[in-house]
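Each value in this text was obtained by applying a stated rule to the coordinates, not by laboratory testing. Quick caveat, the model's predicted, so the values are computed rather than measured. Positions of Cβ are generated from backbone atoms using ideal geometry, with glycine treated the same way; all protein chains shown enter the neighbour counts.
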Amino acid sequence: MFSNLPLLSLVIWTPIIGGMLVLATGSKNSIEAKVLSLLVSLVTLALSIPLYTQFDSSLASMQFEELIPWITTFHINYHIGIDGISMPLIVLTTFISVIVIIAGWEVISYKTAQYMAAFLILEGLMIGTFAAMDAMLFYVFWEALLIPMFVIIGIWGGPNRVYATIKFFLYTFLGSVLMLISLLYLYMHAADVNGVGTFNIQDLHKLPLALNAQILIFLSFLLAFAVKVPMWPVHTWLPDAHVEAPTGGSVVLAAIMLKLGGYGFVRFSLPITPDASMTLDWLVILLSLIAIVYIGFVALVQADMKKLIAYSSISHMGFVTLGFFLLWKITDNTGSASGAVLGLEGAMVQMISHGFISAAMFLSVGVLYDRMHSRMIKDYGGVVNTMPAFASFAVFFAMANAGLPGTSGFVGEFMVIMAAFKANFWYAFLAAITLILGAAYTLWMIKRVVFGAIANEQVEHLEDMSGREFFMMLLLALAVLAIGLYPAPLLDVMHATIDNLVAHISVSKIP
Amino acid sequence: MFENYSDSSVYLAIVLAPLIGSIIAGIFNTYISRAVAHTVTIAGVGLSFILAVFVFKYFAFDDAQVYNETVYTWLVSDGIRFEIGFLVDNLTSMMLLVVSFVSLMVHLYTIGYMQEDPGYKRFFSYISLFTFSMYMLVMSNNFLQLFFGWEAVGLVSYLLIGFYYQKESAIFANMKAFLVNRVGDFGFILGIAAVLMVFNTLDYADVFSMANSKADLMIEIIPGSQWSMMTLMCILLFIGAMGKSAQVPLHVWLPDSMEGPTPISALIHAATMVTAGIFMVTRMSPLFELSETALSFIMVIGAITALFMGFLGVIQNDIKRVVAYSTLSQLGYMTVALGASAYSAAVFHLMTHAFFKALLFLAAGSVIIGMHHVQDIRQMGGLKKYMPITYWTSLLGTLALIGFPGFSGFFSKDSIIEAVHASHLVGSDFAYYAVLAGVFITALYSLRLFFIVFHGRERMDQHTKAHLKESPWVVTVPLVLLAIPSVIIGGMTISSVLYGDYFSNVVFVQHGHDVLGHLKEEYHGPMAMVLHGVTSAPFFLMVAGIATAWVLYMKRPEWPAKIKNSFGLIYDILDNKYGFDAFNEKVIAGGTRGIGHVLSKFGDIMIIDGFVVNGSAKSVAWFSSIIRQVQTGYLYHYAFAMILGLIGLLALAVF
């Protein structure tokens, strides 16, 4: 009955147009703005559900495709579609966006409508980035979403927000400019090879490329995506951005924006430059392992809860990039590619799982911050005595962050470690150190913040979570448990796409 | 009653009954009364116990078929199916019986022990959750679910050690327990990864059936040197067991775990969870048998644990810590048995130990109740006349622990000693003398505890003394019910479990390692074993241990202090527990934090942010400040520049 609806476009534009409407309510009646925002985010979530239910997981090709010519001179199209890689990320985005709106409900009193609108527009832009099938469209969404994020941190952020926003903007912008140059080169190169230039990502996948060109393109992509992920050593913008961002900003940043970097690797780097990926896989693996271990140590000594979780995010994202680039080392070591899919799918699961867990962790800090106006670990102690329900959730999400089996945090790490062992004993060895370090920094924080005797008068007067806070924690906890106990449905939608990807990148593109 | 054991519903019911109880008591904590909380959890565990009895009967007496089925597929990736499923055979059914019985006793006991605690309902929820997790662990038919159960029991252990979350020592101990276990799990997950790499499946049956064909695989860990894949895999898996079953040097968490309430010390940190490592290695016998290096490693680690942790039990003054060190030492015995390929003997000792050690812990708890939560044995004494049931059951438990001929512990421990004696692996001589010496030490610390607590001068204060009385029936009934198997289960079952074919379908032993088969030739029934036992070396060592304890703590109570003074150095070493804790705190924990600070301060803040990021921002600023000089705004400057440019261009054109 609705089969003719441009569903994917609706999912992209509902929040953007909704966000505009919210802006139009003005800043006087914040309750109207809030209700409208919630409604928009719920509608978007509802619209995204058919993307999952009507998704044909047996197909590797793009689904829900839409193509409208846009700038015909340069063959730029409004071309969108989803496959098994982008669909879960889009559903994650619509889900987290609802949580973010709820999270800002009572907390944001300054320019509420603008705040909500910024998040809705950001939501649409992020979904657009995941759905774009045209490289230029992708680039437009990719850059455009910096603006609402910039505004969110810059207006509703902490005292040092200017430094953080500039750092955030310059870091990400620097990376993306090189990506733009690469995309332009690819367009020209396609014109040379085929007679007509293209920004169609799937056509770029098939475009033959000499190795040295591939390497340059790979490196420029790497810089763009590595900043977003973020990978060591271009990660230092993230802790600053998190610390200054309002809770909702941190949630979106950790849960979804970091995933754009990971998504870039599987959508651009691997399929467009497979030979360069093979040549330079050691570099990504090295940086990933450094991220996992080095950042794990750094996280341990943070005094600020948000910084600690930010570093924890970087460390967990190391599993994503590690899982993506194991194919060639596995083939070298075992003589077969068996295990490469495990690594790639594990990395995908890790992205989804980290979306839920990091969102919950930042929300937990937000719950405390709203009451005590401090993110410092030393200002807390014995929170469990006055906030038992909160403490239960905090311990649960801490365990999920430490990768406890039965939670989603375990699934991706487990799969990537299994795959890494096939590539090289030491990859698995270093990656598995996270079992110890991840537990150490998370549980040590829990010990100092949640457990113990009541540390001071402020803690003594804490009130436990409100119904609103309880509800969003519960939603996230259920998601974390569901993926942890039964990840099969999540993986089933990916198989065809990932198999296809592995088959594609196993073949050289050098003409 | 349950005719169809090939139906998964029986096994699902065993697993889910305690889980449901736990969820009701945990999530609806604030809406239900204490009575509801303990009723639903006890009903859940009770039901699973009854079912476990039937399952055990079915496997032990009715010659059952092994049950090995998938419950659901967790995920499929790369053509590998990761599943949740049950494997129920003779080993599983015995573990189920032991776990459910001890768990049920502990549930009952908790009603009495925790009656004044505000966390009463939460406690019941946790111990039922533990029971569920332990079932998942022992019933697993694959490595993945094993790891699930493995970590889940670790989680509950974490929650329970930190049960008194206001106590700094408790929340330190639970974090320490979790992290030390994670060190073990680090090895364990790598071991699982090795299994997946070699066999491309994590299903036990598939892995074990292919094991022999992969025995000669090599792996190059360090370029240029080839390692046996099986040795690597087995040692990695065993590192997991070292964490969970508290083997040196990963034993440090277990004594501290005594910060938790006593019922869980009995259930988790004595009878069940800590034996998970023993269970795991036994389950993996087809793999471990392929690496003599790994077996020797296991045997030596076990022997060190058995002997040196026993020494520490002699000088402890906290009633629970004495029993905790005794648990460490006994786990060492089991590990030694594994190393000697006497898997059945290890599991046999696991079973007898579960009963008598749970008994000893619960008896210690009963003493603690009577003493109003004083745990220092120097303030006890002469409790025999106040707490007769606790006294007599403790005596039976102690005799079982020291391996007094005829008691359960005698059969299992003597078998281990004989098995090690018969082993020819590297390290078996050392292990033999260690476990032999351990017999003396076990008798010494056990009887020391027994004499100081129940006999001699009454050292408690008047107030405590006035209120001293036997514990209520919910406490003493479990003691009696545990005392019965502590006495008789060994003699009753040794003929079938150890020297019969009870484990013939479970445990796989290479012909050259078959020490138990060798012992079987000289085995003529439990009575003959008892008669032979009273003339053997372990018996004399045990008697010597009892006599020493009697002299030191009954006859000449002033002597221990003198000995302590004349052997100050040895006492200090023991008192510092060989320095493990200090080393871990200073070097491992301190070193880790130190690395973190260095990387954070120098790596992130100074080099990346200070030098690269802000540095490039500064150099851009500096560069533009220079360039800015050119933009003076004076027309003649610009005109001058244009003329210079023009001359330059002209010069280019001319030359």
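Structure notes:
- Selection from A:Gly124, A:Trp237, A:Ser176 lying farthest towards where the dipole of segment A:97-246 points positive, charges on Cβ: A:Trp237
- Taking θ as phi - 60° and the Karplus parameters 6.51, -1.76 and 1.60, the scalar couplings of segment A:254-269 work out to 6, 6, 10, 4, 5, 5, 4, x, x, 4, x, 4, 7, 8, 10, 4 Hz in sequence order, x denoting glycine and proline.
- Sequence-distant residues sharing a close amide H with B:His251 (under 5 Å, placed H): none
- Each Lys and Arg adds +1 at its Cβ and each Asp and Glu adds -1 at its Cβ; summed about the Cα centre, chain B shows a dipole of about 2260 debye.
- Net charge of Cβ neighbours under 13 Å - reference A:Leu327; Lys, Arg +1; Asp, Glu -1: -4
- Centroid-to-centroid separation of segment B:427-492 and segment B:561-580 [C-alpha atoms, Å]: 24 Å
- Counting every pair of alpha carbons in segment A:349-399, the share spaced more than 16 Å apart comes to 44 percent.
- Listed by chain and number, the lysines placed with their C-alpha closer than 19 angstrom to that of A:Lys422 are A:Lys329, B:Lys214; residues fewer than eight positions away on the same chain are left out.
- Exposure proxy order (Cβ contacts within 10 Å, fewest to most) of B:His349, B:His532, B:His637: B:His637, B:His532, B:His349
- Calculated [θ] (222 nm, deg cm²/dmol) that DSSP helices of n ≥ 4 give over chain A, each run adding -39,500 (n - 2.57): -23500 deg cm²/dmol
- Under 20 Å from the Cα of B:Lys586 - lysines, other chains or at least 8 residues apart: A:Lys447, B:Lys176, B:Lys577
- Cα→Cβ-extended label distance, 7 Å offset, between A:Phe150 and A:Leu174, nm: 1.6 nm
- Amide hydrogen neighbours beyond the local backbone of B:Val71, cut-off 5 Å, H modeled: B:Ile84, B:Gly85, B:Phe86
- Other residues lying with their Cβ under 12 Å from the Cβ of B:Phe143 contribute a combined charge of -2, Lys and Arg counting +1, Asp and Glu -1.
- Cβ-Cβ distance of B:Arg459 and B:Ser169, R₀ of 30 Å, FRET efficiency by 1/(1 + (r/R0)^6): the value works out to about 0.80.
- Inter-centroid distance (Cα atoms) of segment B:100-115 relative to segment A:388-447, Å: 33 Å
- Phi-derived couplings, Karplus 6.51 cos²θ - 1.76 cosθ + 1.60 at θ = phi - 60°, listed residue by residue for segment B:59-75: 7, 7, 10, 9, 6, 6, 7, 5, 9, 9, 9, 7, 8, 7, 8, 5, 7 Hz, with x used for Gly and Pro.
- Kirkwood Rh, angstrom, the protein assembly as shown [1 / mean 1/r, Cα pairs]: 32.0 Å
- Within straight-line reach of B:Lys57, meaning a Cα separation under 19 Å, sit the following aspartates and glutamates at least 8 residues removed in sequence or on another chain: B:Glu3, B:Asp7, B:Asp89, B:Asp501.
- Residues A:Leu92, A:Leu289, ranked from the fewest to the most other C-beta atoms within 10 Å, line up as A:Leu289, A:Leu92.
- Magnitude of the charge dipole for segment A:1-135, about its Cα centre and with charges confined to Cβ atoms of Lys, Arg (+1) and Asp, Glu (-1), is about 460 debye.
- The order of B:Ser213, A:Ser288, going from fewest to most other C-beta atoms within 10 Å of their C-beta, is B:Ser213, A:Ser288.
- Centre separation in Å (Cα based) which lies between segment A:345-380 and segment A:212-278: 20 Å
- Unit charges on C-beta of K, R, D, E only; dipole of segment B:73-181, Debye: 160 debye
- Between B:Gly162 and any residue 5 or more places off or on another chain, the built amide H atoms are never under 5 Å apart.
- J(HN,Hα) series, segment B:459-466, from Karplus relation 6.51 cos²θ - 1.76 cosθ + 1.60, nearest Hz, glycine and proline x: 9, 6, 6, 5, 4, 4, 4, 5
- Counted without the sites themselves, the longest stretch of chain B free of GluC sites (Glu not before Pro) in a DSSP loop having at most 12 other beta carbon atoms within 10 Å is B:117-520.
- Placing dummy labels 7 Å off each Cα toward the beta-carbon, the span from B:Lys57 to A:Glu463 is 5.8 nm.
- The C-alpha atoms of chain A define a longest principal axis, and helix A:495-505 lies at about 50 degrees to it.
- Which listed pairs, of A:Lys259/A:Lys378; B:Lys385/B:Lys555; B:Lys320/B:Lys465; A:Lys306/B:Lys618; B:Lys244/B:Lys357, have C-alpha distances above 23 Å, in listed order: A:Lys259/A:Lys378; A:Lys306/B:Lys618
- For B:Tyr72, net neighbour charge (Lys/Arg +1, Asp/Glu -1) across residues whose Cβ lies under 11 Å away: -1
- 0 to 90° range, to nearest 10: angle between helix B:428-454 axis and chain B longest Cα axis: 70 degrees
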